[in-house]
Every structure is written in structure tokens, then in C-alpha cells.
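Q: Provided herewith is a single structure, encoded as C-alpha cells, for subsequent inquiry.
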Amino acid sequence: MPILECTGLTRRFGALVAVDAVDMAVEPGEIRAVIGPNGAGKSTLFNVITGVLAPSAGRARFMDETITGLPVEQVAQKGIARTFQLTHLFPELSARDNARIAAQARLPGRMKLIGGASVIAQSVERAEQALDRLHLSRFADVPANMLSHGDQRLLEIAMAVAQAPRLLMLDEPTQGLSIEETDRAVEILREMLADGDLTVILVEHDMEVVFKLAHRITVLHQGRVIADDVPEKVKANDEVQRAYLGGFE
Amino acid sequence: MNWKTGFVITAFVACLVPLVSPNYMMTVIIEALIFGLFAMSLDLLVGYTRLYSFGHVAAYGLGAYTSALLLLHFNLPLPIAIILAVAISMAIATPIAWVCTRTHGVSFAMLTLAFAQLGYAILYGFKDFTGGSNGLAGIPRPEGPFGLDFFQSKIGYFYMVLFCLLGSYLLCRALVNSPFGAVLAGIRENEPKTAALGYNTRAYKRIVAIAAYGFGALAGALYAPFAGFASPELFFWLISGTVLIMVIVGGSGTLIGPIIGGVFFLMLENQLSEVTSLWPLIFGSIFIAFVMFAPQGIWGLLTARFTKPPVQPGSDRDGEAARAHS
């Protein structure tokens, strides 16, 4: 049974149909890439699934529960963690505190007004594990805005991991990274995902990254799904080649 | 020195103040401590959540008038009246916080200002009850419970105010260091991200606004029985600005800084207003100087001397960290 299932998911902005009747099913443990040219609707799809935007039609079900229409924090509480295309961090807090606030988000004592030492200890522990998984431990005490762009991207992923999600949604994790930084990020991501305990949906422009990481690829073009298959078949698909890949080998 | 030692030493020294201070100074000192408490309550919003309230005077006025009315009409023991006044003010603050926290930034500032002005208007609208522009005079300080009456003397009142200030500081400190406080920091730094992590940010903002109202109301509830009267001045919008300046000059986001800011300004005003009518000009100049040259405030300046700056990888001044980073 799929962990996430979108049926006819649609989002219009006036006359523009940014996401057009998208059907997509993601299985547990799968790493799914969503690709497509700029403006294909990838980020809008993310925003509709995570509750940032309300859908105009259709619905998304997560672990057999309808999540469309829920506010963003409740979608997160169901166990969906995401990163943003433009890095979203707590700039003046240390990397550890960034991850700690993320880790605390789904702990029962998160709203403790006074005390809560055990909640804090537990979230610090989870935060440090997450930083470790993303190779950021040595920057734990460094304010987020002092990190390099590449490490900031990784920190945002660490925050998502610290949330202990069932589904991790990464919006262009290598966006703006140099070739070396991208290689390093992909290595770290690959290592992190090797356990197979996470289901991932990944929006990515860099085809090398996609073919290195993804089990299955959904191709969006002008809001519509034009292909949904394993990487080899997507690569061989004529329509995809015309719309997007432009002869990538 | 850890903070506990510092706290105990400060509390001890503060307890000795009445022994060395001339009696006429005690009035100013008590008012200064009350204002320090008031400024600290605003810091919960401004410094920790980056919610700029331009109407925090409403908390002060609400506490002052509620305690005044309770004491005048029910002759309750003073401590009971103060506690009740805080509880009632927090109850009134609940719907206000519910509305205000739907917004942020400038809209939040304007809404809080509007609610404070509403309170000001209500004072004039219900003259029979509030005394209108005359205010309420002759507020008693009834003794009890358990025959307590130490607060009927000025020195005794000083200790009660000091106790409230230190207790409030400990509570606020626990609040900002709790799991709840960590979320406030998240909201301050990046509210959309905090919501995306799964926090209902509005609920957190509501609670911190109600808490800030509670501590602000405590300051007001301490002031009215001390002064013996409550006037609409206690609801005047200018005080909201003054206390905001005290928070910023003292050092926002530190709790201690705003206390120092409040105490410092009230003492300075008292001393200077006796020798010059240009006092507001000096007040303004100090504010401008701090914003331009020391945005971290008085407390920031004091602590900067004792703490090392954070490691800044990538900065030219910190070669070692930069190397570790590459």
C-alpha cells in the first residue's frame, strides 16, 4: 500500500494551472524524484501536499489519511518533513539549536512552559544524531548564518531528519551548490538513505543527482505528469526527452 | 560566575538597599523596580518572540485599575487583590491576544496600540466606575492574609516589590529556557519554518502574549496601591513607547537588560527632571545613541566584556575556524 497517494491533485493560480490533476503513489522506503523544467509545478506540488497551499481540486492521502486541507503544522505532525527550495533556517541560532527545535516538534512535551529538562535532553540527543548523519557535528555550536551555503542546505536536511519523519520531502537539496559540494551532498544523502528507513520525495534539477539517488521518477511538464517510471525507462521516454532531458545520457 | 550565584548576590545586595538609601529615595527606587518588571514583561514579546507591541501599556493600566477597583470595592487583602488583578488581566488579555496574534510585524504593533487606546477610551466611557479623568484615589492597602501587614510601610512595600520582581524574573527565565521558549526562538528567527516543522505558532504566540500581559499587569497592580491612586495616565500610549525604548536600551532578549533599562531610565528621569526640563531630549539622545552604536543594549555591553565572541567560520578574523571549515 502506498504511503502517499495523490489523486487528481490540482492547483490553479487564476487561469494558470500550476499542478494539473496529478496522480502519484509513493511506496514506503521508496526514493522518488520529481523532475521537470522550471515552472513545471514541482514546488507547487510540494506546497499543496504539505499544506502550504490549498489544492483547487483532488486530494492527497498519507498513511491512509486525507491530509489535503490540513494546515501546514498538522501535516508536519502526521510525519511529513520537508526542506525548502530557498534555505529556511533559524539564522542566529546554532546548528544544534536549529536541529533541536526541529526534533522537539513531535515530542509530547513540546509545549512545556517551565522545566521540561527531559524534553530538552531528548531533543538535543536527536538533534545531535541528525547532525551526525549529515556530517555536521563539528559545526554544532556555529550559528546557522555562519555556515557555508552547502552546509546550510545540509543543516536543513538534518532538521528534517531530526523530526523523525515517515516521509521526507526535499526541494532541490543541491540547489546553488558547486559541483564539489553537490558530489559531497549526494554522498552524504546516499549514506543517510542507505538504511532504507525513510521514504523520500525529491525535487531536483540536477539529473546526475536524480539518477544516482532515485528508485522511481515522476516527470512533470506544465503541471501534468508525463511519465512515472523507473529511471531507465524515463530516460528512454521520447516525450520526456523532448520536454526536458534534451538528450541526457 | 554562573547565573545562580549572580542571582543570589544581586538579591542579597538589593535587600540591603533600604539600609543605605535615604527614605525619600525609596519612592523612586520602588517605582523604578516596578518599571523594571514592566519592561521585562515586554521583553518576552519583543526580545524573545520579536513581536513588537506598541500597546503594552494596556497590561500595566489593566493591572493597575483592576487592583485599584478590587481594593476600593471589596477591601481584599493587598496580596490577594494583586494576584486576582493579574488573573483577571490575563483573562481579559486572552481574547486580545487571540486577535493580535493573527498578525505580525506592523499589523501586530498597530493592533496592540489600538487595544490600548480602546482601554483608554473605556476609562472615559465608564466614568462612574473608573473615575474618568480624575482616576481613582484613596486606594487602600488592607492587611492580610494571615495578618500580614509589612507592605503598609514603604520599606515593607519595597521588599514585596523586590520579591515580585525576582520571582517574575525566575519564572520568565524558566519560560524562555523551556521547550516552549525554544519554539519562541524559532518563531522569532523564522515563523514559517517553525510552522512547517509542525508547531502551531499562533498558539505559542497567544500564550507568550498572555504571559507578557500577566507580568505587565503585576507591575501595574503593584503600582496603583503604592501610589494610592490610578489615573488614565497609566493607560496613555506614550508609556508603551517609553517602555519599548527601555527594553531596547537595556538589551532586548536578555530579561535582565530590560530590568536595568527600566530602573536606569526611571532613576535618571527622576534625577534629571529636577534640574532640567530638557529631560525628554536627553532620553531621546540616549535612545538614538544606543540604537546606532550599541544595539545590544546596556546588558549586552556589560556582558560582552566577559564573554568570548562566537566562533565565526569563514570570517577573516577567525582563521582557525575557517580552516577547520574548508
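Q: For A:A60, state whether it is crowded, with 23+ Cβ neighbours inside 10 Å, within 13 Å of chain B (Cβ to nearest Cβ) and at negative phi. Even if it seems obvious, please write down each step before you answer.
A: Values: crowded, with 23+ Cβ neighbours inside 10 Å: yes; within 13 Å of chain B (Cβ to nearest Cβ): no; at negative phi: yes.
Criteria not met by A:A60.
Q: Could you grab me the full set of residues in segment A:81-96 that are facing chain B (nearest Cβ under 9 Å) and touching a Gly at 6+ places or on another chain (Cβ under 9 Å)?
A: A:A81, A:F90, A:L93
Q: From the list B:L70, B:L62, which residue is buried (at least 21 other Cβ atoms within 10 Å of the Cβ), without any contact (Cβ under 8 Å) to a residue 24 or more places away in the chain, aliphatic (A, V, I, L, M) and assigned to a helix (DSSP H, G or I)? Explain how you work it out, then say what you get.
A: On the way: B:L62 fails: without any contact (Cβ under 8 Å) to a residue 24 or more places away in the chain.
Going through B:L70, B:L62 in turn, the sole match is B:L70.
Q: With the condition kept exactly as written, say whether any residue in segment B:211-226 is under 30 Å from B:I288 (Cβ atoms), among the hydrophobic types (A, V, I, L, M, F, W, C) and within 14 Å of chain A (Cβ to nearest Cβ).
A: Looking only at segment B:211-226, we keep the residues that are under 30 Å from B:I288 (Cβ atoms), and these are B:212-213, B:215-216, B:219-220, B:223.
Still in the running and among the hydrophobic types (A, V, I, L, M, F, W, C): B:212, B:215, B:219.
Next, only the ones that are within 14 Å of chain A (Cβ to nearest Cβ) stay: B:212, B:215.
For segment B:211-226, residues under 30 Å from B:I288 (Cβ atoms), among the hydrophobic types (A, V, I, L, M, F, W, C) and within 14 Å of chain A (Cβ to nearest Cβ): present.
Q: Any idea which of (1) assigned to a helix (DSSP H, G or I); (2) within 11 Å of another protein chain (Cβ to nearest Cβ); (3) without any contact (Cβ under 8 Å) to a residue 40 or more places away in the chain is the one A:R110 doesn't satisfy?
A: Single failed check for A:R110: (1).
Q: Read through the list (1) farther than 23 Å from A:R190 by Cβ; (2) among the basic types (K, R); (3) under 21 Å from the mean Cα position of the chain (by Cα), then give the number of the only condition that A:K112 fails.
A: Looking at each condition in turn, A:K112 falls short on (3).
Conditions tested, residue by residue: (1) in contact with a His (Cβ under 8 Å, 6 or more places away or on another chain); (2) touching a residue at least 40 places away in the same chain (Cβ under 8 Å); (3) surrounded by fewer than 17 Cβ atoms within 10 Å (Cβ to Cβ); (4) within 9 Å of chain B (Cβ to nearest Cβ).
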residue: A:I120; (1), (2), (3), (4): no, no, no, yes
residue: A:D141; (1), (2), (3), (4): no, yes, yes, yes
residue: A:H149; (1), (2), (3), (4): no, yes, yes, no
residue: A:Q152; (1), (2), (3), (4): no, yes, no, no
residue: A:V161; (1), (2), (3), (4): no, yes, no, no
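Q: Those residues that are aromatic (F, W, Y) and in a helix (DSSP H, G or I), I need them from segment A:190-249; list them, please. Before the answer, list the steps.
A: Within segment A:190-249, the subset aromatic (F, W, Y) is A:211, A:244, A:248.
Across segment A:190-249, the qualifying residues are A:F211, A:Y244.
Q: Here's something else I'd like to know. Name every residue in segment B:271-318 that is loosely packed, with under 10 Cβ neighbours inside 10 Å and at pLDDT below 50, in order of residue number.
A: Once the filter is applied, which keeps residues that are loosely packed, with under 10 Cβ neighbours inside 10 Å and at pLDDT below 50, segment B:271-318 yields B:D316, B:R317.
Q: I would also like to ask the following. How many of the residues in segment B:224-270 are surrounded by fewer than 24 Cβ atoms within 10 Å (Cβ to Cβ), hydrophobic (A, V, I, L, M, F, W, C) and in contact with a strand residue (DSSP E or B) (Cβ under 9 Å, 6 or more places away or on another chain)?
A: So the answer is 1.
The values are calculated or read from the model by the stated rules, or taken from the named source; none is laboratory data. Predicted model, so just to flag it, every value in this text is computed and none were measured. Positions of Cβ are generated from backbone atoms using ideal geometry, with glycine treated the same way; all protein chains shown enter the neighbour counts.
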